[in-house]
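Q: Supplied in structure tokens, the structure appears directly below.
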Amino acid sequence: MKFLTGNEHKFREVRGLAEQFGFHLEWANLSLPEIRGSLREVALAKARDAFERVGPVICEDSGFFVEDLNGFPGEYSKWVFQKLGCEGIVRLAKGSRACFRTVAVYYDGRPLVASGEIWGEVVEPRGSGGFGYDPIFLPDGHSRTFAEDPLYKLENSHRFRAFRTLFKLLKKQESPV
């Protein structure tokens, strides 16, 4: 099965989890147009487009949602990160509640959809692991940012939660009733 992403970090995160469920993922780094819409709409559109090119595929879309900014950057997280970086978000929202959300889609002509989220706080950048907003996200109940504790992120993140659910659903489909 192929996992469509241009982000090698995401691929490595998801591949490790897939293997725990007995699935082998191959990296599909296709250049596809991305629609504007909700995480679910974007992930589904990418999955349908990729399926036409490579067959059964897994896609995802993620966002960083800050409460005090009415959910911004949300679905525009990648673009905002490229323009403002972590420092810009910290200037706008230090101390604010925030969450990461992911919608994961398996598509083989029919969609199978799962989602995950994790809540925390926007803090000054700390740590050198991870990528994106990881240095400024302090998960609830944890004393270190995702960038300070990549192993914690790997086992507790929004992406982990969405894909764990997706792989459980896929396993259930494989099992005889």
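The values are calculated or read from the model by the stated rules, or taken from the named source; none is laboratory data. A quick note: this is a predicted structure, and the numbers were derived from the prediction, not measured. Neighbour counts run over all protein chains shown; Cβ positions are idealised from the backbone, glycine included.
Q: Can you tell me how many residues within region 21-44 are closer than 22 Å to K168 by Cβ and either of a type in the set (S, T, N, Q) or part of a loop (DSSP other than H, G, I, E, B) (or both)?
A: Number of matching residues: 5.
Q: Can T165 be described as among the β-branched types (V, I, T), within 26 Å of H24 (Cα to Cα) and not in a strand (DSSP E or B)?
A: Here the answer is yes, as T165 does meet what is asked.
Q: Just for strands (runs of 3 or more DSSP E) wholly inside region 46-133: which have at least 1 residues that are basic (K, R) and within 26 Å of L166 (Cα to Cα)?
A: 97-107
Q: Taking into account only those residues within region 24-57 that are of a type in the set (A, V, I, L, M, F, W, C), touching a helix residue (DSSP H, G or I) at 6+ places or on another chain (Cβ under 9 Å) and farther than 22 Å from P150 by Cβ, which is surrounded by the fewest Cβ atoms within 10 Å (Cβ to Cβ)?
A: Here the answer is I35.
Q: Hey, can you tell me all the residues within region 93-132 that are modelled with pLDDT of 95 or more, among the aromatic types (F, W, Y) and under 12 Å from the mean Cα position of the chain (by Cα)?
A: Matches in region 93-132: F100 only.
Q: What about R91, is it crowded, with 16+ Cβ neighbours inside 10 Å and basic (K, R)?
A: In short, no.
Q: Of everything in region 155-177 that's of a type in the set (A, V, I, L, M) and closer than 16 Å to E60 by Cα, which residue is nearest to the chain's Cα centre (by Cα)?
A: Residue satisfying both the conditions and the ranking: A162.
Q: Across region 58-78, which residue is surrounded by the most Cβ atoms within 10 Å (Cβ to Cβ) among those that are under 14 Å from N7 (Cα atoms) and out of contact with any Phe, Trp or Tyr (no Cβ under 9 Å at 6 or more places or on another chain)?
A: Ranking the candidates gives D61 first.
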